[in-house]
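> Could you have a look at this structure, given as structure tokens, before my questions?
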Amino acid sequence: MLCLLFGINKSNSMDINHFIANFAAQFDDTDPGNFKTETKFREIDEWSSLIALSVIAMVDEEYDVKLKGEDIRTSQTLNDLYLIVALRS
Amino acid sequence: MDNPFSLKGKTILITGASSGIGKTTSIECSKLGAKIILTGRNTKRLEETMALLTGEGHQLKVLDLNISEAVSEFIENMPKLDGVVYCAGTQRTCPIKFIQREDIDKVFETNFFANININTLLLSKKKINKGASIVFISSIAAGIVAEVGNAIYSASKGALSSYAKVLALEMSSQRIRVNCVLPGMVNTPLLKKLDVEEDQLKEDEKRYPLGYGNPEDVAYSVIYLLSDATKWVTGSNLILDGGLTLK
């Protein structure tokens, strides 16, 4: 329902996987297989301020979207963050 | 008896005078009797600074320090200086893995090249009096304290501090003194531009035994280095960090 509201259709399912892969690439010690749409990324052991900055830089580079620290702080799951990026891209 | 800490009769050029540390330094220097030449890129904000100066005979020049022709012409018509304060500066947060050449160029243009280009011209046009004092606003990021995401800014301020050492040596025969102040976090508009929330700043401020600084805390140290009270001080790095590096 939320997806419909934001005009995000099924073809974006590829994109969220792409987004999750890019997100996972910012980590060095966490298995990429641990990252799912519903993963609460701020609860991952390796999560740090450096990784938060890296995610902001990655999103800027890959999607040309400027995330704010607040976007990261208010997102719980990877899907929450993906929706913010998808809306602005 | 003459007050060695006074700036009376001194003409002082201040770059980056439209905001933050540059603005406050200009105002405080004028209170101590200096004639100020203000430069900056934003006309409106520079005029606001001008309006807050005490005394007469100040000058204002809207100038992009990266445009050499404009800077040359400005310097030709400038009176001789007893002090220069290089405050022009900017910040960029980016993890090292993502740094691109254009990010580096942007920060270095403002923090390093703009300031040293005008310094070269001032010296070659003999606009700096014997016994004058040059002060650079460096940072504790210049090789003292590392923060994640701060590599480009740190490198630019480190470049300034290193440059200042050599300048101090080269200018010593003229008794021109060159020093740096190295502030930690200071409450300026630049800080508000950082992408952090109020509560995060409050938490960060706890690392500073005396809390964050204010622009006037930096200005007073700059004044000390501009005044004749420090006529034997050159090549120094004055750390202004409210005790952060004690721990």
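The values are calculated or read from the model by the stated rules, or taken from the named source; none is laboratory data. All values reported here derive from a predicted model rather than from experimental measurement. When we count neighbours, we look across all protein chains shown, and the Cβ atoms used for this are built from the backbone with ideal geometry, even at glycine.
> Within the bounds of the stretch A:27-37, is there any residue that is surrounded by 13 or more Cβ atoms within 10 Å (Cβ to Cβ), in a helix (DSSP H, G or I) and either at pLDDT 95 or above or not polar (S, T, N, Q) (or both)?
no
> Let me ask something else about it. Can you tell me which residue in the stretch B:119-141 is farthest from B:G235 (Cα to Cα), limited to those that are touching a residue at least 60 places away in the same chain (Cβ under 8 Å) and crowded, with 17+ Cβ neighbours inside 10 Å? Can you show your working first?
Step one: of the stretch B:119-141, the residues touching a residue at least 60 places away in the same chain (Cβ under 8 Å) are B:122, B:131, B:133, B:135, B:137-138, B:140.
Narrowing the set further to residues that are crowded, with 17+ Cβ neighbours inside 10 Å leaves B:122, B:133, B:135, B:137-138, B:140.
Details: B:L122: 19, B:S133: 11, B:V135: 10, B:I137: 13, B:S138: 13, B:I140: 16 Å.
For the stretch B:119-141, the residue satisfying everything is B:L122.
> Hey, among B:Y153, B:Y224, which residue is within 14 Å of chain A (Cβ to nearest Cβ), aromatic (F, W, Y) and in a helix (DSSP H, G or I)? Spell out the reasoning first.
Numbers: B:Y224 fails: within 14 Å of chain A (Cβ to nearest Cβ).
The conditions single out B:Y153.
> Test of understanding: among B:E28, B:E56, which residue is crowded, with 19+ Cβ neighbours inside 10 Å, among the charged types (D, E, K, R) and more than 14 Å from every other protein chain (Cβ to nearest Cβ)? Break it down into steps so the answer makes sense when it comes.
On the way: B:E56 fails: crowded, with 19+ Cβ neighbours inside 10 Å.
After ruling out the rest, the residue left standing is B:E28.
Let's see how each residue does on (1) in contact with a strand residue (DSSP E or B) (Cβ under 8 Å, 6 or more places away or on another chain); (2) closer than 25 Å to B:S26 by Cβ; (3) among the aromatic types (F, W, Y):
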site	(1), (2), (3)
B:F136	yes, yes, yes
B:A159	no, yes, no
B:M171	yes, yes, no
B:L182	yes, yes, no
B:K192	no, yes, no
B:V222	yes, yes, no
B:L225	yes, yes, no
B:T230	yes, yes, no
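Here's the yes/no breakdown for (1) within 24 Å of B:P215 (Cβ to Cβ); (2) hydroxyl-bearing (S, T, Y):
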| site | (1), (2) |
| --- | --- |
| B:D103 | no, no |
| B:V107 | yes, no |
| B:K126 | no, no |
| B:I134 | yes, no |
| B:S138 | yes, yes |
| B:N150 | yes, no |
| B:L160 | yes, no |
| B:L169 | no, no |
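> Just to verify a result, which residue in the stretch B:156-206, among those that are part of a helix (DSSP H, G or I), at pLDDT below 95 and in contact with a Gly (Cβ under 9 Å, 6 or more places away or on another chain), is nearest to the other protein chains (Cβ to nearest Cβ)? Walk me through it before giving the result.
Filtering the stretch B:156-206 down to residues part of a helix (DSSP H, G or I) leaves B:156-174, B:189-193, B:198-205.
Keeping just the survivors that are at pLDDT below 95 gives B:189-193, B:198-205.
Okay, now just the ones that are also in contact with a Gly (Cβ under 9 Å, 6 or more places away or on another chain), so B:189-191, B:200, B:205.
Values: B:P189: 18, B:L190: 16, B:L191: 14, B:Q200: 8, B:E205: 16 Å.
The extreme case among them is B:Q200.
> Scan the stretch A:14-40 for residues that are within 14 Å of another protein chain (Cβ to nearest Cβ) and in contact (Cβ under 8 Å) with a residue 60 or more places away in the chain and report the count.
Here the count works out to 0.
> Step by step: first the residues of the stretch B:27-43, then only those that are part of a helix (DSSP H, G or I) and among the charged types (D, E, K, R), then the one that is nearest to B:N115 (Cα to Cα). Which residue is that?
Of the stretch B:27-43, the ones part of a helix (DSSP H, G or I) are B:27-31, B:43.
Okay, now just the ones that are also among the charged types (D, E, K, R), so B:28, B:31.
Values: B:E28: 21, B:K31: 25 Å.
Residue satisfying both the conditions and the ranking: B:E28.
> From B:L46, B:L52, B:L13, which residue is of a type outside the set (D, E) and touching a helix residue (DSSP H, G or I) at 6+ places or on another chain (Cβ under 7 Å)?
Values: B:L46 fails: touching a helix residue (DSSP H, G or I) at 6+ places or on another chain (Cβ under 7 Å); B:L13 fails: touching a helix residue (DSSP H, G or I) at 6+ places or on another chain (Cβ under 7 Å).
Going through B:L46, B:L52, B:L13 in turn, just one is of a type outside the set (D, E) and touching a helix residue (DSSP H, G or I) at 6+ places or on another chain (Cβ under 7 Å): B:L52.
> So, one more: Just one of A:V85, A:V65 is modelled with pLDDT of 90 or more and outside any helix (DSSP H, G or I); which is it? Spell out how you get there, then give the answer.
On the way: A:V85 fails: outside any helix (DSSP H, G or I).
Every option except A:V65 fails the conditions.
> Now, a different point. Note down all Cβ pairs under 7 Å where the first residue falls in the stretch B:75-102 and is of a type in the set (A, V, I, L, M), the second is surrounded by fewer than 21 Cβ atoms within 10 Å (Cβ to Cβ) and part of a loop (DSSP other than H, G, I, E, B), and they're at least six residues apart or on different chains.
Here the result reads B:I75/B:K125; B:I75/B:K127; B:M78/B:K127; B:L81/B:K127, each pair linking the stretch B:75-102 to a residue that is surrounded by fewer than 21 Cβ atoms within 10 Å (Cβ to Cβ) and part of a loop (DSSP other than H, G, I, E, B).
> May I ask you to list the residues in the stretch A:60-86 that are within 14 Å of chain B (Cβ to nearest Cβ) and closer than 23 Å to B:E198 by Cβ?
A:K66, A:L67, A:K68, A:G69, A:E70, A:D71, A:I72, A:R73, A:T74
> Name the helices (runs of 4 or more DSSP H) wholly within the stretch B:68-147 that hold at least 2 residues that are over 14 Å from the mean Cα position of the chain (by Cα) and within 14 Å of chain A (Cβ to nearest Cβ)? Reasoning before the result, please.
Values: elements: B:68-76, B:101-108, B:114-124.
Counting at least 2 such residues, we get B:101-108.
> For the stretch B:55-98, which positions are in contact with a helix residue (DSSP H, G or I) (Cβ under 9 Å, 6 or more places away or on another chain) and at positive phi?
Correct list: B:G55 only.
> State all residues of the stretch A:41-59 that are more than 8 Å from every other protein chain (Cβ to nearest Cβ), part of a helix (DSSP H, G or I) and either in contact (Cβ under 8 Å) with a residue 40 or more places away in the chain or surrounded by fewer than 17 Cβ atoms within 10 Å (Cβ to Cβ) (or both); if no residue qualifies, say none.
Result: A:F41, A:R42, A:E43.
> Here is a list: B:L182, B:L191, B:L160, B:L167. Which entry is over 14 Å from the mean Cα position of the chain (by Cα) and closer than 30 Å to B:K126 by Cβ?
Going through B:L182, B:L191, B:L160, B:L167 in turn, the sole match is B:L167.
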